[in-house]
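I have placed the structure first, in the form of C-alpha cells, so that the comments after it can refer back to it.
The values are calculated or read from the model by the stated rules, or taken from the named source; none is laboratory data. It should be emphasised that the depicted structure is a prediction, and the values quoted were computed from it without experimental measurement. Here Cβ is always computed from backbone atoms with ideal geometry, including for glycine, and neighbour counts include all displayed protein chains.
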Amino acid sequence: MITINKFKQIKVNLFDPNDILIGKISNIEELSDIQYQICELDLSGYYIMFNDKKIFIDKNGNLQNWPNDFYNELGKRFSKLIESRRKKIK
C-alpha cells in the first residue's frame, strides 16, 4: 500500500536592494521564476532570508550560496528512487 507523504513547506521572504519586503516565496518554482526575472532584467541586490541569513541572488539569478535543507526534497526523493532501482537490479 502507498501513502501520500506530506513535506515541510519552506517559505522565505524576498527583499529588494533597499531591504523592502516584496513577498513570500513558497516553493522552488516561485524561486526559479524570481531568479529568471532577476537575470532577465539584469538586477542586483535582491535577497531572500532563510534561517535568519541573507542569501543574495546575483544578476545571473544564482544564489550566493545554497543552504542545506533548502528546497532539496525532490533531490532526496530522486536519490532514494535511484537506490531502490539499483537494489532491484542486483
Report task. Could you grab me the full set of residues in the range 1-29 that are over 14 Å from the mean Cα position of the chain (by Cα), among the charged types (D, E, K, R) and modelled with pLDDT under 90? Result -> Lys6
Query raised in the report: Residues of the range 32-90 being over 16 Å from the mean Cα position of the chain (by Cα) and of a type in the set (Val, Ile, Thr), which ones?
Result: Ile82, Ile89
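Results for (1) β-branched (Val, Ile, Thr); (2) within 26 Å of Ile4 (Cβ to Cβ); (3) part of a loop (DSSP other than H, G, I, E, B), shown as yes or no for each residue.
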{"position": "Asn18", "(1), (2), (3)": "no, no, yes"}
{"position": "Tyr36", "(1), (2), (3)": "no, no, no"}
{"position": "Asp42", "(1), (2), (3)": "no, no, yes"}
{"position": "Phe70", "(1), (2), (3)": "no, yes, yes"}
{"position": "Lys76", "(1), (2), (3)": "no, yes, no"}
**Report entry** Within the range 62-90, tally of residues that are among the basic types (Lys, Arg) and under 28 Å from Asp52 (Cβ atoms)
**Finding:** 2
Query raised in the report: Looking at (1) surrounded by fewer than 15 Cβ atoms within 10 Å (Cβ to Cβ); (2) in a loop (DSSP other than H, G, I, E, B); (3) of a type in the set (A, V, I, L, M), which is the one condition that is false for Leu81?
Result: (2)
